[in-house]
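Notes to accompany the following structure.
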Amino acid sequence: MTIKQKIESLREELNTHNYNYYVLDNATISDFDFDIKLKELEKLEKENPSFFNVNSPTQRVGGVVTKNFETVTHKNRMYSLDNSYSKEDLLDWEKRIQKVLGTTDTEYTCELKYDGASINLTYKNAQFVKAVTRGDGFQGDDVTANIRTIKSIPLSVKDSFLQDFEMRGEIILPLEGFNKMNQQRVENGEEEYRNPRNTASGSLKLQDSTEVSKRPLDCLLYQVVTEENKYKTHFEILENARNAGFKVPKTIVLAKNIDQVIDFVNYWDSKRHDLPYETDGIVIKVNNLQQQDELGYTSKAPRWAVAYKFKAEQVTTILNEITYQVGRTGAITPVANLVPVELAGTTVKRASLHNADQIKKLDIRIGDTVFVEKGGEIIPKITAVDLDKRPKDSQVTIYATNCPECNTALIRTEGDAKHYCPNQFGCAPQITGKIQHFISRKAMDIDGLGGETVDLLRKEGLVSNYADLYDLKEEQIIPLERMAEKSAQNIINGIQKSKEIPFEKVLFALGIRFVGETVAKKVVKHFKTIDNIITADFDTLIAVDEIGDRIAQSIIDFFSDQANIQTIDRLKNAGLQLEVSAESLENQTDKLQGQVFVVSGVFYQMKRNELKKAIEDNGGKVSSSISKKTNFVVAGDKMGPSKLTKAQELGIKIISEQDFINKIS
Ligand code: AMP
Ligand code: ZN
C-alpha cells in the first residue's frame, strides 16, 4: 500500500466509525482504538503534508479563528414554511394542493420540526465545501470552519448518493448537553443560557472553532436541493441521505394520506416531551418530487410543504408583583410573582423575567393578565401580556434602581444584560451566597454547616465574610436557635479540618467570577502560590492554558480590591493552604501528561483520593466515567462490574494499583 492509500483508507475507516457512533448511535470500535488510529493518521498527514485534506477526520478539532463571517448569497433561496394550527388547516391545505395538481393521489413525508438554527451545507463531488446560515433566506453567513467540528456532519459522503447538492438541516443542542453546559456555567458563577435554540444559534457565530468543537452540537437533516434527477420522492432522498452519512432522524414517516399525517401529529403532540431535543411542531411535505415542482413556491414559502405548530402548553394568570433576587455575585434577576395557576401538571407561582430588557420588551405591568408557557424548558416563561385585560390605571414598570436587600444603587456595565448590586461585602444574599459557595462540597467541604446556619450566623452578626468563619468559637454558636453543643462542636471541627484543604480548592472557594473548579486547578498548577496569582498581570494570566481575557480580567479585578486582599491575609493567618504544599510540589511531574484515568475499586497502598491526586500531580487527568477518551482504568479490589465490562468492551487498558505506582515512580 502506498502512503496515499494508507492515508485514504484510514480516513475512510475513521469516517465510518464516526458515522456509526454519531449518526447511528452504535459504536463499532473502542474509543481507545479510535484514538490510536486517529493519532496514526495525524502522524502520517504531518509527515506527508502534500496529502492534506481539509475534510480529513483530523480536522474536526477546530483551531480556526474567524473574526468576521463572510456574507454569502444562497444559490437557492432558503424559504420559510407556512404554518397551520389545526386539523382543519391541514385538510384545507390538502384541498388546495390537490386542486392545483388535479389529482387526489398524494403522499406525504412527515417530519418533526427541529428547533434550532437552520444551516445550508454545500457538497461538491461528494465533498463538504461550505456551510452558510439561513440569514434572511437570500443571504447568510459563512460558518464553514465552525460546522466542520460537528461530528455528525459527514465531510465526505458515499459515492452511491449525489455528487453536487445542498443539504439543509437544523443545528441543535440536545437537552442533555444543554443542561450540562448550564451546570458548568452555574459553577463558574455565570448566567445560565436561556434555551437550547438560541445557544445553538449563538454557537455557530463563535469566533474560535475550537470552542465550537467542545459544544455538544448536533445537526439533523431534512432537505436536499440538487439538479441531479436520481430520486423520485422526498422520503427516498432522506432515507438515502441517511445511508450516505447524514443524520436524518428515524422519526420521519411516509404517510399515504392525510389521516396518517394526522395520526403522526397526534402521536408527537403527546410524546414530544420525551425526545432528547426540542421540537415545536411537525413539517408535512408532498412526497413526490415532480408534484413538488408543479406546486412551486409563494413569495415566502413552498406550496408543497406546511408546518403544523403544536400549541405550547399555555395559560393566563395575573401578575401580582415583581421582586428581585440577588445572586452571590450580586447579579439581579427579576422574578414575576403570579396568581398560582396549573400548567402542564404543576402549579406555577413564579417565572423568571431575566433582566430589564425583557421587562421592557414585554411591557409587563403589575395587575396585567399574562400568558405563561411551558416549552421544553423546565422554568415556565411569560410570553406576552393580554393588553385587552390591562387595568386602566396601570403603571409602566420601572426597573429597580436600588438593591432590594441593601438599597445600594444598582449598576449595569456595558455589554452585560444584568444589573448588579456592587455592595459585595454588605449585601446579605451576596454575603451568605459567597459563604455558602465557600463551604460547599467541591470547595472547602465544611461539614455540619448548611445554608440556613450560615444565614443565622450572619444575622447574629457573627460572620460577614468567609474569613470570619475561622474566628468562630463554640460558645458563640451554642446559644443560637436550634443549636446544641454537639452541632456547634461539629461546625468548629469542620472549620478546623478545612485548613487542610489543598490550595486549588481554596482558590475555587474564593468565588472569583468565572474561576470554576477546572480553571482554579489550572491557575494553581501554573502559579503555585496565591502571591504569584495576586501579582500576575493580565498578559501573564492569559498566557496560561485555557485562561482567556474574561477570566484574566476577573482575576485581576478580584485582587485589585483591597478588601479581598485583607480577607486573604486573614485566611493566611488562619492557616489555610494558600500555596501548593512542598511535598506535593516535590511529587509533581509530567509523566502522565495527556492521559486520562478512571479510578475504581478499593485500594491498599494509597487512599483513593491520594491516588487521584497522584494522577493529577503527574500531569494526568481523572475522569469519573469510562469513555472512549479514557486511557487507563486503575482497578482496585471490588471494582464495579459494570465499569469492568465497559472498559473491556472499549478495549481500555486496566492496570492495578501497583502498576500505577510503578508508572509514576
Ligand atoms: P419558520 O422559521 O417558522 O418559517 O420555519 C421554517 C424553518 O423550520 C426552516 O428554516 C427550518 O430551519 C426549520 N425546520 C425544522 N425542521 C424542519 C423540517 N423537518 N423541514 C423543514 N424545515 C424545518
Ligand atoms: Zn445589595
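Quick note: the coordinates plus some simple rules give every number you see, no bench work behind them. On a predicted model such as this, the values are computed, not experimentally measured, just so you know. We place every Cβ from the backbone using ideal geometry, glycine too, and count neighbours over all the protein chains shown.
Would you mind calculating the relative contact order of the stretch 407-466 from Cα pairs under 8 angstrom and at least 6 residues apart, reporting the percent as a whole number?
On the way: 48 pairs, mean separation 16.7, N = 60.
The value is 28 percent.
Return the whole-Å distance between the Cα centroid of the stretch 400-419 and the Cα centroid of the stretch 216-266.
Taking the Cα centre of the stretch 216-266 as reference, the centre of the stretch 400-419 is 50 Å away.
Any idea what angle helix 549-560 forms with the longest principal axis of the chain, computed on alpha-carbon atoms, 0 to 90 degrees, nearest 10?
20
So what does the Cα-only Debye profile of the chain read at q = 0.06, 0.09, 0.10 Å⁻¹, as log10 I(q)/I(0), no solvent term?
Cα-only, vacuum Debye calculation for the chain: -0.45, -1.00, -1.19.
Going by a ≥ b ≥ c, the root eigenvalues of the Cα gyration tensor, does the stretch 83-309 fall in the rounded group (a/c under 1.5), the prolate group (a/b larger than b/c) or the oblate group?
oblate
For Met606, Met78, which order do you get if you count the other beta carbons within 10 Å of each Cβ and list the fewest first? List each step's numbers first, then the result.
Working: Met606 15, Met78 21.
Listing Met606, Met78 from fewest to most nearby Cβ atoms yields Met606, Met78.
Once both labels are modelled 7 Å past Cα along the beta-carbon direction, what's the Asn243-Lys459 spacing in nm?
Here the modelled spin labels are 7.0 nm apart.
Between Arg77 and Ala384, take the C-beta separation as r, use R0 = 25 Å, and let me know the FRET efficiency to the nearest 0.05.
E(calc), rounded to 0.05, equals 0.20.
Determine, at each q value in 0.14, 0.20, 0.25 (inverse angstroms), the log₁₀ of I(q)/I(0) that the Debye formula gives when each Cα of the stretch 503-585 is one equal point scatterer.
One equal scatterer on each Cα of the stretch 503-585 leads to -0.41, -0.87, -1.39.
Hey, what number do you get for the chain at 222 nm if only DSSP H runs of n ≥ 4 count, each worth -39500 (n - 2.57), divided across all residues, to the nearest 500?
Mean residue ellipticity at 222 nm (helix-derived): -10500 deg cm²/dmol.
Mind ordering 319-325, 23-29, 626-632 by average Cβ neighbours within 10 Å, highest first?
Details: 319-325: 16.0, 23-29: 13.9, 626-632: 19.0.
Packing order, densest peptide first, comes out as 626-632, 319-325, 23-29.
So how do Leu362, Leu221 line up by other beta-carbon neighbours within 10 Å, fewest first?
Leu362, Leu221
Relative contact order (percent) for the chain, with alpha-carbon contacts under 8 angstrom and 6 or more residues of separation?
Taking the mean separation of contacting Cα pairs over the length of the chain, I get 11 percent.
Considering the options Leu456, His526, Leu38, tell which one lies farthest towards the positive end of the dipole of the chain, charges being +1 on Lys and Arg and -1 on Asp and Glu at the Cβ, about the Cα centre.
Selected residue: Leu38.
How far, in nm, would the chain grow between Asp471 and Arg412 when pulled straight, counting 0.36 nm per residue and subtracting the alpha carbon separation?
Value of the extension gain: 17.7 nm.
Taking the Cβ-Cβ separation of Lys528 and Asn493 as r and a Förster radius of 35 Å, what is the calculated FRET efficiency to the nearest 0.05?
0.75
Exposure proxy check: Ile654, Ile398 ranked by fewest other beta carbons within 10 Å? Mind showing how you got there, number by number?
Numbers: Ile654 16, Ile398 9.
Fewest to most other Cβ atoms nearby, the residues stand as Ile398, Ile654.
How far apart, in nm, are two points set 7 Å out from the Cα along the Cα-to-Cβ line at Lys613 and at Lys87?
For the pair Lys613/Lys87, the computed spacing is 6.7 nm.
Helix 428-439 sits at what angle to the longest principal axis of the chain, using alpha carbons and giving 0 to 90 degrees rounded to 10?
Result, in degrees: 90.
What's the extension gain from Asn198 to Gln595 if we count 0.36 nm per residue and subtract their Cα-Cα distance?
Gain on stretching Asn198 to Gln595: 139.5 nm.
Return the distance in nm (one decimal) between the two label points of a simple spin-label model at Ser9 and Val335, each offset 7 Å from Cα along Cα→Cβ.
6.4
Determine one quarter of the surface area of the Cα convex hull of the stretch 446-579, which equals its mean projected area, and express it in nm² to one decimal.
8.0
How much length is gained if the chain between Asp545 and Asn48 is pulled fully straight, taking 0.36 nm per residue apart and subtracting their Cα-Cα distance, in nm to one decimal?
176.0 nm
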